[in-house]
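All of the numbers you see were taken from the coordinates with simple rules; none came from a lab. On a predicted model such as this, the values are computed, not experimentally measured, just so you know. Using ideal geometry, Cβ is built from the backbone for each residue, glycine included, and neighbour counts are taken over all protein chains shown.
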Amino acid sequence: MMLATALVLALNSAVSAAASSEAQVTRHLWPTLDVAALRAIGPPVTSVLVALYEKETTPQRKAIIAQAFYQLGWKSEAAKNALLRDIATSDPELRLEVQWALGRVSNDDKVVQTLLGVMRHDQSPLFRDKAACALANDQIHLTPQQRFRMISGLIDALADDNAQVRHIAILALQIQTGQTKGFDPNASSSDRAARIQTWQHWLNEYERQL
Amino acid sequence: MTPTRRPRLPLTLCAAALLFLPSLRSTAADSIAYDFDDALTATGPDTFQIFEHASGTVELSNIYRHSGNRSVKVTDAASSNDFPEMQGYFPVQSEGQLAFAFHMLVADTKEELNVALAGPAHFQLTKDGIAFWLIVRDGYFFHMSDGMPKRLGPAASFLWYGVRVDYDISRGTYRLEIRDEFNSQPPILVESAANAPNQPASAVNMFSFIGDLADNSNVDYYIDDVVLDVGRSQGTSLVAPGRRKLFVEYWRDFQKLRREQPVCLPALSVADFGLSLQEIDAASRSTVLQLADLAPGDGRNEKQIVASKPADGVVLWHRGCFALANEHYDDATQLFERAAQLLPQSRLIALSKVLSRAGAGRWDAVDRELALIYPTWWGDERWVAAQGMIALRRQDYPKAEDLLAPFNNDKAGRWLGAELTTSELQQIRTELGTQWWAVLRSRLLIEQRFYLYIWQNQLAEAAAFATAMRERLTAAKQSAGLWWEWEGNIHLLMNDPTRALDCYLSAFADNVMLGRSSTSVAMKLSDVYFVLGDARQEKRFREIVYGTLD
């Protein structure tokens, strides 16, 4: 009986501490996101943000937490998993925030492959475009080998049937490498094939450098 | 050193967050060199911007330097959400040749750092963005060329590397050469490398030294002898860096000045004013250091500086220094006291006040206040200069036997060779009771007497004095490490590095036995092995120095 009581008390204490942490963090989320205050708490704030994200039911508030993950830029497996669960959400604002934040909280090939998949196959041109943005700008924790695989995926996308996909793929490549190698997404298929060949040679050299 | 600069390239005056104003050396008309020595010499428009965030810092260091007596240390910290950066600017160069060279020492080459030359499009992989990008990571050098990272070769810790980039702007290619100071590894040489985005005519107007971008790095690294040269052909020599300046050369410079009138010593960082990065924002930091660097008596420009509590304190210190330089000692003391009320943690203001007391001949006050601030100056070259000025001013010291009288018992004897840290100063009162002040004062006077020999260039007498002190301590079975070290300093001043080495090794052994910090002796051992040309031992003691730093 005494042990049970002690356990309950300990559990209540832990729950109470967690609740006060969540209350503290929530103050910095709404009505206005204060990333500086969250950063001052330190990396432990990430687990609190994950808990809040998973409890939250309104997409708008989830989007704000996703923004916080983005701006903090701290790696977190739990944050990545929580965000991935909303990668296909129907709420556009949340969807975009999730796409942008994923690369800022992780260096996971699965995230890169997911974003490449969105870039190439999503029904919405907006989501395709923003997935390319995320690949171009927000994969900040990738190892050199992971960056190579991401770029390889972008080069593969140059051969896509969809002109918009080819266009956003070459934009992402240009941001990542500084060059286009003359690839024009609207050129003839033979021209495009020749430029893709140039990119492949470049990729082979890149792989050799690794 | 009072550098002059006559660049044909006008350099942009930069904005806030200056941490120091590096001295510039004029070489040829179109070249600029930064050696970071003798900082706070105002030389005209400045070209640096320092970004410090959270735990990262950019500061002057006299621990490791390739030439002269200082370098710049960049320290990054993981999870600080940003990176520290030293950024320098020059007029946009969109054609022709540009040479960029520097020396770099990295404490742990497994930690990442990045160096770049970039243009008006800033640090992006695009034309007129990053042209040259050097990375150190995982024990290797890499460069970003043609949009991909390319491995260059191994990068060893605690070695000075000379890096030179000859950039053909119009072609968008560069020649890269990296050599270590001892040529212990084959040099890294890359000819006609495509610039980072593989874009011809990619203009440049800035360079940058940072930690890492992903915020995972805890790198410490040191930069020295940054040189930029426009229009010089590839492979031709740039400015030869000055020779590394040992601490004894700094002492020799001071000997030449033979200052018998005390003057203020220069501020090197906001820490000299008792301010930390957490206490002072970037704008205030800039203000503090601009004020510190004004010529004494330059009251007009003080008014242009935004007022703040730290700034007011520095203004008062500055005015006190002017009064001190003009031998108005009591006025100087009052100004320093007022400054100290605003900046009570400033060791520099406290030392300046001691110097004003010395100017006025108030020796009781000098002795008392010197004892209080002694621990805050341990290991700083400026302290030695201050002691020298006080000794030259004082001149009249009791005979050696009178100075040594308080040490004539077992309890007091050890204090002749004790390092006067804060905890030791607390201990002296506990151990010696009512005798503590007599012992401590005598110890301070003995040290000043020793410095008086040095500053009057009576080096043989100084060596004999140090020998006598350590033999006395040894005979009493007390630690003599401190006097071994000081005797070594004299032999190095006398250009006898072999004898200096023997003394330093004895001091080092003594410190190790007592579990005392060996930073000071390890630095000197590193320097003396440098003089003796023993690269392996020099590097070994560099690593020991690093291991003793907090």
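For segment B:342-355, backbone phi angles converted through the Karplus equation (6.51, -1.76, 1.60; θ = phi - 60°) give residue-by-residue couplings of 7, 10, x, 8, 7, 6, 5, 5, 4, 5, 4, 5, 4, 5 Hz, Gly and Pro being listed as x. Its alpha carbons considered, segment B:414-550 gives a radius of gyration followed by a Dmax of 15.6, 50 Å. Dimensions of segment A:158-210 based on its C-alpha atoms, expressed as ranges along the principal axes with the largest first, amount to 31, 22, 16 Å.
Counting Cβ atoms of other protein chains within 10 Å of each Cβ in A:138-146 and taking the mean gives 2.
For segment B:375-441 versus segment B:478-537, the spacing of their alpha-carbon centroids is 21 Å. Would you please classify the overall shape of chain A from the alpha carbon gyration tensor, given that a ≥ b ≥ c denote the square roots of the eigenvalues, rounded means a/c under 1.5, and beyond that prolate means a/b larger than b/c while oblate covers the rest? Prolate is the answer for chain A, as a/c is 1.5 or above and a/b outweighs b/c. Put simply, the C-alpha atoms of segment B:322-429 give a gyration tensor, and the ellipsoid matching it has half-axes of 27, 18, 11 Å, longest first.
Angle of helix A:92-105 to the longest C-alpha principal axis of chain A, folded into 0 to 90 degrees and rounded to 10: 90°. Inter-part distance, segment A:156-210 to segment B:158-230, computed on C-alpha centroids, equals 28 Å.
Compactness check for segment B:164-207: Cα Rg over 2.2 N^0.38 Å is 1.33.
Each residue of segment B:178-190 is assigned a 3J(HN,Hα), and the resulting list reads 10, 10, 8, 5, 9, 6, 7, 10, x, x, 8, 9, 10 Hz, derived from the Karplus form 6.51 cos²θ - 1.76 cosθ + 1.60 (θ = phi - 60°), x at Gly and Pro. With a simple spin-label model that places each label point 7 Å from the Cα along the Cα-to-Cβ direction, the separation between residue A:140 and residue A:93 comes to 2.3 nm.
Shielding of B:170-181 by partners, i.e. mean partner chain Cβ atoms within 10 Å per residue?
0
Structural descriptor for segment B:395-550: relative contact order 16 percent, calculated from alpha carbon pairs under 8 angstrom and at least 6 residues apart. In terms of distances greater than 31 angstrom between alpha carbons, the cross-link table entries A:130/A:181; A:62/B:150; A:75/B:110; A:75/B:524; A:75/A:181; A:55/A:110 yield A:62/B:150; A:75/B:524; A:75/A:181. A DSSP coil position with no more than 12 other Cβ atoms inside 10 Å describes the following trypsin sites (Lys or Arg not before Pro) in segment B:389-430: B:399. Compared with the rule-of-thumb size 2.2 N^0.38 Å for a compact globular protein, segment B:97-248 has a Cα radius of gyration ratio of 1.00.
In this calculation the C-beta distance from residue B:140 to residue B:458 is compared with R0 = 41 Å, giving a FRET efficiency of 0.20. A straight Cα-to-Cα reach below 16 Å connects residue B:127 with the aspartates and glutamates B:95, B:146, B:168, residues fewer than 8 places away in its own chain not being considered. Expressed per residue, the C-alpha convex hull volume of segment B:366-405 stands at 91 Å³. Per-residue shielding of B:142-148, expressed as the average number of other chain Cβ atoms within 10 Å of the residue Cβ, stands at 5.
Compactness check for segment B:113-165: Cα Rg over 2.2 N^0.38 Å is 1.20. If R0 is 51 Å, the Cβ-Cβ spacing of residue B:410 and residue A:40 corresponds to a FRET efficiency of close to 0.45. Normalising by residue count, segment A:112-210 has a Cα convex hull of 79 Å³ per residue. The Rg/Rh ratio of segment B:450-527, with Rg taken over Cα atoms and Rh as the Kirkwood radius over Cα pairs, comes to 0.97.
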